Amino acid sequence: MKRFHPMPFGTELTEDGVRFRLWAPAAEQVELCLSGKNGEERIPLSTVKDSWFEITTSRATVGTRYRYRIDDMLAVPDPASRANPDDVHSYSEVIDPGSYRWQDGNWSGRSWETAVIYELHVGTFTREGTFDAAIQRLDYLVELGITAIELMPVADFPGQRDWGYDGVLLFAPDSSYGTPDDLKRLVDTAHHKGLMVFLDVVYNHFGPEGNYLHAYAPQFFTERHHTPWGAAINFDGHDSRIVRDFFIHNALYWLEEFHFDGLRFDAVHAIIDDSAPHILIELANAVHAGPGRERSIHLMLENDRNTARYLTRNDGGGPRWYTAQWNDDIHHVMHVIATGETDGYYADYADHCIVHLVRCLTQGFAYQGERSHFRAGECRGEPSAHLPPLSFIAFMQNHDQVGNRAFGERLSMLADPMVLRTLTAILLLAPSPPLLFMGEEFAADTPFQFFCEFGADLAHSVREGRRKEFAAFARFSDSAQRESIPDPGDDATFERSKLNWESVNQKNHADWLSFYRNLLRLRREFIVPRLKDMQGRQAQATVIGNRGLSIRWPLAEGAVLTLTANLSGEWLKGIDDPTGKCIYRTADVMNADDEQSDMPPWHVAWFLIN
C-alpha cells in the first residue's frame, strides 16, 4: 500500500518529470538549482498567478538535491521539503512518497478511552537516537501497558540535537533521526503491535535559525500580533489564505502520508487569529473531513490559557474539534504536593492544593476563570466541568516540566518515593488518560536537560539567556551558581539526557517498573472497559480535613469507581472504605482499636462497583 498527500507547494512526481512550486511574493525571480556531479545547474522558474513560481522538469528525479535562488542573491531550501539530508541550510531532496510499502492496511486506530500515552524524544530515547532504534523498544512499551507513543517534534531543526521546537522545515523529518521511510517504518511497526503514534507539531512559530521565509515570503508573519518568539504567524491578515493552507496541509501530510494517529499542537495560546473560523477550527474540520472519516484520529492541544471551547463535544458525545488537552493544572498541583515547591506558577497551587487536585480529577481544569496570583491577578481559564474526564490528559512529568528545570531533574530525584507512589496510583487509575514521560516508569536516573545546536552567536545568546531566566530564583541569585547551569549548546548536555536502559535491571529501577506495569494492568482490566461515554458533571467529591479526599465517578453500565486518599504524613480519620471490590490500595491497614478504618499516611485506595 502506498500513501501520498498532494500539496500545492513543494515537489510532485509527474509523467513529465518533477514539478517544483514555491510561493515567493517578495521575489522578482526564482531559479531552481539542481546539484550534480559537475556542479549546480540553474533553471528559471515561471511566474504563475498569485506570486507562485513553478516548473516541471525531467532534469530532476527521485534523489535529486535541489534548492532555490531568490533574485540571484540568496539560496534557500524548499520550505515544503520532504527531506533535507544535510540540514536546514543546504539542499533539499526529491522524495518519492510512494516508495514505502505500508503493511498496516487494516489499521483503523484505537478508541480514545484506551489511551495511555508515552512521550518520547527520538534523539535521547535510545543511545543511537534514531527512528530505527526506537522500533527496538516498542515491545517494551507494549509490555509496560502503553497504547500510544507521542513523538516530540521531528520537523527539521538546525544542527544535530534539539528538543524539536526550533523546527524550520515542517515537512522534513530531521535527518539526524533517519529518513522519511525510517519514520514510516516506525509508525508501521507500532501499528502492528497495537500502538497508536502521535506527533507533536509546532504551528505557533518557526525556529530562530534556518528560517528563510522572511526573505521571500514575509507575509508568513505579522507585526500586528506578537508572541514570545517575535512576530506572530499571519493567520488572519493579508495573504493569510496561503499561510493557513500551508499549516493545514502540514497536518494532513503527517496524518495521511505518515499514517500518524493524531497530532499534539504545541502552545496554541500563541496562535493568534482574529478571523473566523479560527485556524484551529478550520484545521480540525479539515482533518475530520479527510483522514478522520476513515479511521480514529485524535487531536490534542497544549493551551496555557485553559481554553475549553475547542474541546466541545458533538451530539453523539464525541469531540467536535479536539479530543483532549494537556492538563497542566493537575501536573502543577501534584508537583506541589510531591515536592513542596512553590516557586513561579506553583504558587497558584500552594494554598488549598487538595481542593485544586479534586477539581482537576472531577472537572478538568483547576483554574476555570479564577484570578491567578502568578499572572498578576489575570483571570485564567474557562468552565470545563461540563466536559468528560477523557477531555483532559493527565501527567506528573513531561518534557517541559522536567527539561525546563535548571538541571533537568526528574520527579523521582525530587520527591519522597512513598509520596510519589501514592500520587502515581491516583494518576494511572483515574479516568483521564495518563501520559508518561520516557523513563518515568523506571525512575530513570538520567536528567532531561534543555539542549540545542545553533551557530556561535545564537548559541551564546541562548546560553546566557537561559542562565538569566533563573536569576530570580534564590538558588541562583549568585552568578557563580548560574554558571553551573548546563550549557544547552554543549554536546555533553545532550548526552547526559539520553536514557540509560542498562539501569532498568537494577533493583530500585526494576521495582518502579513493576509498580507501573501493575497499575497499568489494573487500568486496562478494570477501568478502560468502563470509560466509554463518560459524561461531565457526574463525579461526586468530598475533601476530608486538609489532605484527605473521596471521589466517586459513575462509569458505563452502572459501574461506580471510587477513590479515597490521604495525602499527608499523618493518620487521617473519617475515610471509610466504600462498598465494592478493592482493585488497589497502598497497603492493607486496619486500626485495631477502632471499628472505623483510619487511613495511614500517604495512602490511596481504589474501589469498583459493577
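Please treat every number below as a calculation from the coordinates, not as lab data. The shown structure was predicted, so the numbers you read here are calculated from the model rather than taken from an experiment. We place every Cβ from the backbone using ideal geometry, glycine too, and count neighbours over all the protein chains shown.
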Checklist entry - Mean separation of Cα pairs under 8 Å and 6+ residues apart, divided by the residue count of segment 539-609: what relative contact order is that in percent? => result 33
Checklist outcome for this item: For segment 53-187, shape from the Cα gyration tensor axes a ≥ b ≥ c, cut at a/c of 1.5 then a/b versus b/c, turns out prolate
Item to check | Those residues of segment 18-48 whose amide nitrogen sits under 20 Å from the label point placed on ASP72, 7 Å along Cα→Cβ | outcome: 24-34, 40-48
Checklist outcome for this item: The FRET efficiency for ARG3 and ALA480, from their Cβ-Cβ distance with R0 = 45 Å and rounded to 0.05, is 0.25
Next on the checklist: Students often get this wrong: which residues of segment 465-500 have the backbone nitrogen under 20 Å from the point 7 angstrom along Cα-to-C-beta of GLN160?
Outcome noted: 487-500
Next on the checklist: Under the rule of at least 5 residues apart or a separate chain, name every residue whose amide H is placed under 5 Å from the amide H of THR227.
Outcome noted: ALA232
Next on the checklist: If packing is taken as the average count of other Cβ atoms within 10 Å, what order do 319-326, 532-539 fall into, highest mean first?
Outcome noted: 319-326, 532-539
Checklist entry - Once the Cβ-Cβ distance between ARG521 and ASP50 is put in as r, and R0 is 51 Å, what FRET efficiency do you end up with, to the nearest 0.05? => result 0.35
Checklist entry - ASP576 to THR61: extension gain in nm, 0.36 nm per residue of separation minus the Cα-Cα distance? => result 178.2 nm
Checklist outcome for this item: Labelled set [x] 28.7; [y] 23.5; [z] 32.6; mean projected area of the Cα convex hull in nm² computed from this model equals the value at [x]
Checklist entry - What is the helix-to-structure angle for 353-363, meaning the angle in degrees between its Cα long axis and the longest Cα principal axis of the chain, kept from 0 to 90 and rounded to the nearest 10? => result 70
Next on the checklist: Modelling each spin label as a point 7 Å along the Cα-to-Cβ direction, I'd like the TRP229/ALA26 distance in nm, to one decimal.
Outcome noted: 1.7
Checklist outcome for this item: Taking Cα atoms, the helix 180-192 axis meets the longest principal axis of the chain at an angle in degrees (rounded to 10) of 30
Item to check | Within the chain, helix-based [θ] at 222 nm, where runs of 4 or more DSSP H residues each add -39,500 (n - 2.57), nearest 500 | outcome: -7000 deg cm²/dmol
Checklist outcome for this item: Dividing the mean separation of Cα pairs under 8 Å (6+ apart) by the residue count of segment 10-93 yields a relative contact order in percent of 29
Next on the checklist: Whole-Hz ³J(HN,Hα) for each residue in segment 133-140, computed from phi via Karplus 6.51 cos²θ - 1.76 cosθ + 1.60 with θ = phi - 60°, x for glycine and proline: what do you get?
Outcome noted: 5, 4, 4, 5, 9, 5, 4, 4
Checklist outcome for this item: Contour minus Cα-Cα span, GLN136 to ALA587, at 0.36 nm per residue, comes to 158.7 nm
Item to check | With Cα atoms, 0 to 90° folded angle of helix 507-522 axis to the chain main axis | outcome: 90
Checklist entry - How many nm is it between the label spots at ASP445 and ASN546, if each spot is 7 Å from the Cα in line with the beta carbon? => result 3.6
Item to check | Inter-label distance for SER275 and THR14, nm, one decimal - labels placed 7 Å from Cα along Cα-to-Cβ | outcome: 2.7
Checklist outcome for this item: Taking a ≥ b ≥ c as the square roots of the Cα gyration tensor eigenvalues, with a/c under 1.5 meaning rounded and otherwise prolate when a/b beats b/c or oblate if not, segment 362-478 comes out oblate
